[in-house]
Each structure stands twice: as C-alpha cells, then as structure tokens.
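Accompanying notes for the structure given below.
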Amino acid sequence: MKTVKGWWFTTTERKLLNNDGRKIKLGITHKVEGEIIPCQYGLHLSPRILDALQYAPGPVVYKVEGSGVIIPHGKPVDKYACSHRTYLDGGINISDVLRKFARLCALDIIHLWNAPGVVVKYMKTGDESLRAAASEAAWGAARAAASEAARAAASEAAWEAAWEAARGKQNFRLTRMVNRRLRKEGGENKEG
C-alpha cells in the first residue's frame, strides 16, 4: 500500500474539524469514505511543515501518514488529500515555537531596513512586554517604506527564485525546531 508522510496541524481541542468531531490520538487511523478532493474532502497532510502551517487552523502539530486514496495538490505538491490518516507523533501545542520561528525569520532580513530599536530588541529577546510597541513601530515603518519597496522590487523570476530558497531555509529551520520539541516532550498527546 502506498503511503505519504508529512505534517498536519489542528486546534487545541485535538478533534477533527468540519463537523466531524472524532478525537485524535497517537497511533489511531482515521478513515473517510467518498470521493477524495483536495481542499474539499479528505484527510489532508503536507510533506513540508511550512506548507502545513499555511493551512493550520491552530497550533497543535502532528507527524502523520496518509494512505488509501492519495491525491496530490499543487505544483510543487504542498499537500495531499487522503482517505486514511494515521497520527504518528506530536499532538503538542507549539505556539511558542511558532512565535520564536517568526522572530528568527524576521531577524534574517532585519538588516534590510532601519528597524526601530524596540523592534530589534523584541525580535532578539521575545520579551512579550515589548510586543505591542514593537508591532506599532514596525507597522509605522512598513507603511512608510511600502511604496519605495514596490518600486525597487526585482524581476518576477528573480523574486520567485529568492522566495523559494528562503522557504527551503525556513522549512528546514521550523522542522528542526519542532522535531526538537517533539523529542523533548516525547511527542505525547498532551491535554489542555
């Protein structure tokens, strides 16, 4: 039987969505009947965690395996819709990992603008007491620079190549961060 492995996010309720309501537990396999159609019907997963994140309804992550009917979606493939999905590892809320990941990505490009000091300090420390001030300062600077950035944009082909390279680096980083958390917490399905 063909299988695909990947990532899937859900809410802290750890139940299937879309009026299904079945509980999610490690080792269990959920199945659906009917025509599998990506983005419409099926049990989904993404081969890369960064792709799964764009579809995430919440911060609870699982490593999963899809089987049965498997329909790819996107070019390159960014998700699969399957008739069966088994929960292999995870079930943990990684909100803090996602916040740190976002800050690290922002720090990767902070040299491209004259970031206000409060923004730099928040990005480096994650000090939540600075979050609101950093956000306001960043939005103010972004509004001022938006038209200039649009005029200075590179060609579409160069932009696409740079974007895909950055996504690969980001995916590697996030995968490493989440795998560390799974090892640390034992990948058990935590309550709450």
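Here are the numbers:
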quantity	calculated
The lone exception for V97 - which of (1) in contact with a helix residue (DSSP H, G or I) (Cβ under 6 Å, 6 or more places away or on another chain); (2) in a strand (DSSP E or B) it fails	(2)
Leading residue by the ranking (nearest to the chain's Cα centre (by Cα)) among those in region 72-88 that are crowded, with 18+ Cβ neighbours inside 10 Å and farther than 24 Å from M177 by Cα	A81
Flag if L104 is surrounded by fewer than 17 Cβ atoms within 10 Å (Cβ to Cβ) and either within 17 Å of the chain's Cα centre (by Cα) or assigned to a helix (DSSP H, G or I) (or both)	yes
Region 1-46 - residue that is in contact (Cβ under 8 Å) with a residue 24 or more places away in the chain and among the basic types (K, R) and, of those, farthest from I70 (Cα to Cα)	R14
Residue within region 47-60 that is of a type in the set (F, W, Y), assigned to a strand (DSSP E or B) and touching a residue at least 12 places away in the same chain (Cβ under 8 Å) present	no
Condition met for V77 (in a strand (DSSP E or B) and among the β-branched types (V, I, T))	no
When residues of region 31-76 are limited to those that are touching a helix residue (DSSP H, G or I) at 6+ places or on another chain (Cβ under 8 Å) and of a type in the set (A, V, I, L, M), the one nearest to F9 (Cα to Cα)	V61
Yes/no for V64 being touching a Phe, Trp or Tyr at 6+ places or on another chain (Cβ under 8 Å), modelled with pLDDT of 95 or more, surrounded by 14 or more Cβ atoms within 10 Å (Cβ to Cβ) and outside the structural domain of Q170 (by TED's automatic domain parsing)	yes
Selection status of H84, within 27 Å of E185 (Cα to Cα), in contact with a Pro (Cβ under 8 Å, 6 or more places away or on another chain) and not in a helix (DSSP H, G or I)	no
Hits in region 174-192 - residues which are modelled with pLDDT under 90 and surrounded by 11 or more Cβ atoms within 10 Å (Cβ to Cβ)	E185, G187, E188, N189, K190
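The values are calculated or read from the model by the stated rules, or taken from the named source; none is laboratory data. Treat the numbers as computed from the prediction; the structure is a model and nothing was measured. All Cβ positions, even for glycine, are placed from backbone atoms using ideal geometry, and neighbour counts span all protein chains on display.
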